[in-house]
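Quick notes on the structure that follows.
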Amino acid sequence: MPMNEQPPWGQKKRPSSPEDFLAALIRKIRESFTNQQKPTGQGDDEGKPPTEGPGMFAGMGKVVMIIAAVFLFQVIYSSFYTIQPGEVGVMLRFGQYSRTTDPGLHFKIPFIEQLYKVNVEAVRKEEFGFRTRTPGKTSNFNRSGFDMEALMLTGDKNVIEVAWIVQYIVSDPVKYLFKVRNVSQAVRDASEMVTRRIVGNMDFDYVLSNREILAADAKKELQGELDNLECGVKIGTLQLQDINPPEKVKPAFNEVNIADQDMKRLVNEAEETYNRVIPKARGSAKQTVEEARGYAIERTNRAIGETNRFNAILKEYQGAQEVTRQRMYLEAMQEILPHVEQVYVMDKSNQAVIPFLDLTGKRQKQSSPTPQ
């Protein structure tokens with residue numbers, strides 16, 4: 001027989017479960033009250049009553065000791081508790097808030113203090129218009145049966161389906177536990193109220209094209225509503241998942257979108273042509289006006305200069321007529337002759353042309369031989 005095994009006659013039968021232990025304890029108590037010691041010299045006749053002895057009190061003492069040990073163990077066990085990371089403990093004393101404990105091992109007064117554990121790092125979420133079947137990288141969503149949650153009316157009396165999600169964490173454990181009976185339902189009701197009010201104040205096209213702005217406004221208003229209710233939660237994300245028209249009106253909506261896109265395309269083309277032609281025409285008109293102003297100023301200044309020059313010459317001519325006339329003739333010839341290429345001298349008595357005088361020197365250049 002191996003050394004680590006005991007013979008069957010040396011083993012004690014112990015209860016294998018708490019139920020067995022409790023049954024054995026009840027059996028011991030019953031036996032202590034029914035097993036009475038009989039007097040010496042007497043048999044087990046049924047007609048003679050048994051005589052009580054010290055064995056009864058010894059059995060009762062054992063039972064009391066066992067009960068006291070179990071009670072003491074329960075008191076010691078319930079006096080200590082552990083808060084896991086990410087949780088906080090809210091302690092009540094006689095039903096009134098006493099303190100909040102951080103993660104770790106702590107002590108509490110048994111039967112007087114009551115503990116509530118709250119996870120303050122877990123991200124809780126509420127979904128509207130859909131439900132997540134299998135979360136993960138490729139999440140699977142179920143949208144059937146949740147149409148009434150997503151169905152809304154816009155400011156221009158159009159029907160639209162908006163599916164969104166709200167994620168939040170516990171910011172105040174005491175308010176989360178005792179201020180509102182059902183915080184998740186309060187978050188759902190407040191979120192529906194805020195989102196429907198915001199969408200109902202906007203036009204259909206604005207809701208379709210500005211979901212980020214609407215989500216930010218809804219998050220801010222929802223946080224304010226929950227703070228007024230003292231839910232003790234903080235909104236982390238409010239995201240509009242899908243914004244679509246109902247299935248029955250999608251064909252008409254697509255036609256309207258196509259017409260709207262064509263209209264916008266034509267408007268953009270017209271604006272492009274306008275931006276290309278009108279500024280050019282305005283620039284040309286402005287250029288013409290500026291050139292006219294410059295020409296007017298130039299002619300005016302030239303006329304004024306010529307007038308002043310004529311007056312100056314007239315003054316000199318009045319002082320010395322011959323000299324001034326000769327000087328004016330020379331200045332005129334000096335200005336004209338550099339542009340003259342050929343000069344013809346005509347005599348009144350002769351009918352033929354007299355050979356001309358070459359003043360430019362071109363004839364000499366043409367007649368001179370080319371150097372070898």
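The values are calculated or read from the model by the stated rules, or taken from the named source; none is laboratory data. The structure displayed is predicted, hence computed values, not measured ones. Glycine gets a Cβ as well: all are built from the backbone with ideal geometry, and neighbour counts include every protein chain shown. Side chains included, ligands, DNA and RNA excluded: accessible areas come from the protein's heavy atoms. Shrake-Rupley method; radii C 1.70, N 1.55, O 1.52, S 1.80 Å.
At-a-glance table
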quantity	calculated
Solvent exposure ordering (accessible area, 1.4 Å, most first) of 106, 339	339, 106
Charge tally in the Cβ shell below 12 Å around residue 217, where Lys, Arg are +1 and Asp, Glu are -1, residue 217 excluded	+2
Residue 78 - accessible surface, heavy atoms, 1.4 Å probe, Å² rounded to 10	30 Å²
Heavy-atom SASA rank of 206, 274 (probe 1.4 Å, accessible area, largest first)	274, 206
Fraction of accessible area attributable to carbon and sulfur, segment 210-354 (%, probe 1.4 Å)	55 percent
Over 32 Å (Cα to Cα) - which of 108/220; 234/264; 108/219; 179/248; 157/219; 219/250 fall in this group	108/220; 234/264; 108/219; 179/248
Sparse-neighbourhood loop sites, GluC sites (Glu not before Pro) in segment 290-342 - DSSP loop, at most 16 other Cβ within 10 angstrom	341
Formal net charge of residues neighbouring residue 162 (Cβ-Cβ distance under 10 Å; K, R +1; D, E -1)	-1
Residue 192 accessible area, assembled protein chains, probe 1.4 Å, Å²	50 Å²
Cβ-based net charge around residue 107, under 12 Å, with every Lys or Arg adding one and every Asp or Glu removing one	+1
Dipole of segment 161-267, positive end: most advanced residue of 233, 254, 267 [Cβ charges, Cα centre]	233
Label-point separation in nm, residue 123 to residue 317, each point 7 Å along Cα→Cβ	10.1 nm
Solvent-accessible area of residue 193 with every protein chain in place, 1.4 Å probe, in Å² to the nearest 10	90 Å²
